[in-house]
1. What are the residues whose amide H is under 5 Å from the amide H of Phe134, where those residues sit 5 or more places off or on another chain and H is modelled from the backbone?
2. Stretched out fully, how many nm does the piece from Asn36 to Ala60 gain, at 0.36 nm a residue minus the Cα gap?
3. Apply the Karplus curve 6.51 cos²θ - 1.76 cosθ + 1.60, θ = phi - 60°, to the phi angles in region 171-184 and return the couplings in whole Hz, x for Gly and Pro.
4. With each run of n ≥ 4 DSSP H residues scored as -39500 (n - 2.57), what mean residue ellipticity at 222 nm is computed for the chain after dividing by its residue count and rounding to the nearest 500 deg cm²/dmol?
5. From the phi of every residue in region 35-45, what ³J(HN,Hα) in whole Hz does the Karplus formula 6.51 cos²θ - 1.76 cosθ + 1.60 yield, where θ is phi - 60° and glycine or proline is x?
6. Once you've got the GNM for the chain with C-alpha springs shorter than 10 Å, pick whichever of Gly160, Gly96, Gly116 has the biggest mean-square fluctuation.
7. Place a label point 7 angstrom from the Cα of Leu164 along the Cα-to-Cβ direction, then list the residues of region 25-57 whose backbone nitrogen is under 20 Å away.
8. How big is the charge dipole of region 1-157 about its Cα centre, in debye rounded to the nearest 20, if each Lys and Arg gets +1 on its Cβ and each Asp and Glu gets -1 on its Cβ?
Amino acid sequence: MSYNHRFLDGRRADLPTGKVICIGRNYADHAAELNNPIPAEPILFIKPASSVVDMTEPFAVPTQWGEVHFETEMSILIGRRLQQATEAEAEAAIAGIGIGLDLTLRELQSRLKEKGHPWEKSKAFDGACPLSPFVTPDQVSDLQDVGVKLTVNGELRQQGNSALMLNRVLPLICHSSEFFTLEPGDVILTGTPAGVGPVEPGDQLTAELDGLLSVTTRAI
Ligand code: ZN
């Protein structure tokens, strides 16, 4: 199915589907669970537009390359072009806030990391980025106080809050825009709290931003 960014009220966003810029290890508890040190500067990587799918639809997990892990992350929809952005420009460019899954081929990623190779294939494959609809910025009173939660088959697996981010949203957008021009329709995934784990076909997932949105979906 073709994907188009849209808002929770059903309106289609008048924005193309662009790249997704992701940050690694933006929560200390998640860095610790994978025995990774906390990085001195943000670790950025990109998922292409071809990896984006609609999280409200059942999403496919590949089964031929080893374990696929879910990582539940607050997402930011960019509505304006940003280059070397200031925090004020970054804030004005936010068109929506949602939730997304940074699906990761964990075994493949580990093998690639061991060899010092780019981990691109483990993060950027087709379907690697299910995205929810977005709420508008005026619906979010404090970007740095948003609860993020994932239940899998009725069991709470991830629970965090954007207050615990090592790199806050606006500095993260600014830092990203120093390296990559952000275009309208791009998305930032802001990192995952602890609790990541495997997702398999048949699993039912509910991802939530506290008080803002909740998406129930299924892996196939
Ligand atoms: Zn992630």
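1. The answer is Arg6, Phe7, Leu8.
2. Roughly 5.8 nm would be gained on extension.
3. x, 5, 5, 4, 4, 4, 6, 6, 9, 10, 4, 8, 10, x
4. On the way: 5 runs with 38 residues, N = 220.
Counting only the DSSP helices, I get -4500 deg cm²/dmol.
5. Result, ordered by residue: 6, 9, x, 6, x, 6, 9, x, 8, 10, 8 Hz.
6. Maximum among the listed residues: Gly116.
7. Answer for this model: 25-40, 42-43.
8. Working: 16 positive and 22 negative charges, 112 e Å.
With Lys and Arg at +1 and Asp and Glu at -1, about 540 debye.
The values are calculated or read from the model by the stated rules, or taken from the named source; none is laboratory data. Since the model is a prediction, treat every value here as computed from it, not as a measurement. FYI the Cβ positions are ideal-geometry reconstructions off the backbone, even for glycines, and counts take in every protein chain you see. Side chains are part of the model used for accessible areas, which takes the heavy atoms of the whole protein and leaves out ligands, DNA and RNA. Shrake-Rupley method; radii C 1.70, N 1.55, O 1.52, S 1.80 Å.
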